[in-house]
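Enquirer: Take this structure, written in structure tokens, and hold onto it; I'll ask about it next.
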Amino acid sequence: MIFTGSHILSIAQFDRADIQRIFEVADAMAPYALRRRVTRVLEGAILGNMFFEPSTRTRISFGCAFNLLGGEVRETTGFESSAITKGESLYDTARVLSGFSDVICMRHPQEGSVAEFADASRVPVLNGGDGANEHPSQALLDLYTIRKELASKGREIDGLRIALIGDLKYGRTVHSLCKLLCLFNNIHITLVSPVELAMPGSIIEQMREAGHTVVVTDDLAQSISSVDIAYSTRIQEERFATKEEADLYRGRFRLNQAIYTEYCEPNTVIMHPLPRDSRAGANELDNDLNQNPNLAIFRQADNGVLVRMALFALVLDVVDQVDQCSREVNWYNSLRTL
Ligand code: CP
């Protein structure tokens, strides 16, 4: 794809060469994400960060990524602080805010809403999650993390064995990740969920058409016994009609250290897009895994900054100028690693 000036709305936009390019640029962002160097390449540019659903990682890491490239961030969070509550359309909102911004990140509860907004925008729009549909930057950072974790074991993404666990019906991160894995070869995917929260059939079909092996099960122990990655997800309570309905599934597939020790191969990597639900009735990824060196969830979040820096640099066409506009920092946090 041509990145310059493009919206980033769906994994369907990318081919394998695009992913390679994003990851190369993300790797090159490490000195800046680690605060060893500072670049002002986007000095004077403004990111409009519009999050109409709760977010910690996506909103703040998009913002940090833009700041680390030298740009400034203006935010709207929640419908209640936006004129959309007064009846303003997405079209008008997009026309107005794209006049104030050089690029926009947006999260919205309705599927397709970010694409609708992008149609009216005068600047590139990056999808920070649209309902249960897609979360492309999360899938990119997930795959970037998988690539790094496998590389440390001398492995590549082709041939990956992965179990996706939990709410696969409403979990947009796993929808985007499955679509992304379709660009690779010989993937073995085990989908572990209650039958009511199964992965949409169209995505399973897409993975099978890509030549991947797809196993659908509700047996957690067996599914994690021969995988490289165990990727857990939260029950997406906000997509259910009632909290009581979500409660039926919460805590159904709990991964903790005892289960990991009993069933997983040594060094199986544990991932989760976060937030994990750490309330007593849920705990899909137990806190007793926190000291497990194979728990990659916080490395995943850190990698999000690199990948989002790469997306901004590519879309705003400044990749070749990042280093030219850089200098060493005047201070150094020796504890920061990636
Ligand atoms: N992974 C993710 O999207 O997290 P947030 O909801 O905190 O942005």
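The values are calculated or read from the model by the stated rules, or taken from the named source; none is laboratory data. Treat the numbers as computed from the prediction; the structure is a model and nothing was measured. All Cβ positions, glycine included, derive from the backbone under ideal geometry; neighbour counts span all protein chains shown. Protein only, heavy atoms only, side chains kept; ligands, DNA and RNA dropped before computing areas. Shrake-Rupley method; radii C 1.70, N 1.55, O 1.52, S 1.80 Å.
Enquirer: Restricting to the range 201-225, give me the number of residues that are among the charged types (D, E, K, R) and part of a loop (DSSP other than H, G, I, E, B).
Expert: Of the residues in that region, 2 qualify.
Enquirer: Give the range 200-244 a look and list any residue that's within 22 Å of the chain's Cα centre (by Cα), among the polar types (S, T, N, Q) and surrounded by fewer than 19 Cβ atoms within 10 Å (Cβ to Cβ), or say none.
Expert: Matches in the range 200-244: S202, Q206.
Enquirer: Which condition breaks for S55 when tested against (1) in contact (Cβ under 8 Å) with a residue 40 or more places away in the chain; (2) hydroxyl-bearing (S, T, Y); (3) more than 16 Å from the ligand (Cβ to nearest atom)?
Expert: Exception for S55: condition (3).
Enquirer: Go through the range 132-188 and count every residue that is open to solvent by 10 Å² or more (accessible area, probe 1.4 Å), under 22 Å from S225 (Cβ atoms) and either in contact (Cβ under 8 Å) with a residue 40 or more places away in the chain or hydroxyl-bearing (S, T, Y) (or both).
Expert: The total comes to 5.
Enquirer: Here's another thing I want to ask about it. For residues that are small (G, A, S) and surrounded by fewer than 16 Cβ atoms within 10 Å (Cβ to Cβ), scanning just the range 272-313, find the one that is nearest to G5 (Cα to Cα). First the steps, then the outcome.
Expert: Quick first cut of the range 272-313, residues small (G, A, S) only: 278, 280-282, 296, 301, 304, 310, 313.
Narrowing the set further to residues that are surrounded by fewer than 16 Cβ atoms within 10 Å (Cβ to Cβ) leaves 278, 280-281.
Values: S278: 40, A280: 45, G281: 45 Å.
That would be S278.
Enquirer: Is it true that L316 is touching a strand residue (DSSP E or B) at 6+ places or on another chain (Cβ under 6 Å) and surrounded by 13 or more Cβ atoms within 10 Å (Cβ to Cβ)?
Expert: Details: touching a strand residue (DSSP E or B) at 6+ places or on another chain (Cβ under 6 Å): no; surrounded by 13 or more Cβ atoms within 10 Å (Cβ to Cβ): yes.
Criteria not met by L316.
Enquirer: Which residue, of L183, L150, L164, L191, is more than 16 Å from the ligand (Cβ to nearest atom) and in a strand (DSSP E or B)? Even if it seems obvious, please write down each step before you answer.
Expert: Working: L183 fails: in a strand (DSSP E or B); L150 fails: in a strand (DSSP E or B); L164 fails: more than 16 Å from the ligand (Cβ to nearest atom).
Result: L191 is the single residue among L183, L150, L164, L191 that is more than 16 Å from the ligand (Cβ to nearest atom) and in a strand (DSSP E or B).
Enquirer: Go through (1) free of Cβ contacts under 8 Å to residues at least 12 places away in the same chain; (2) surrounded by 13 or more Cβ atoms within 10 Å (Cβ to Cβ) and name the single condition S334 misses.
Expert: (2)
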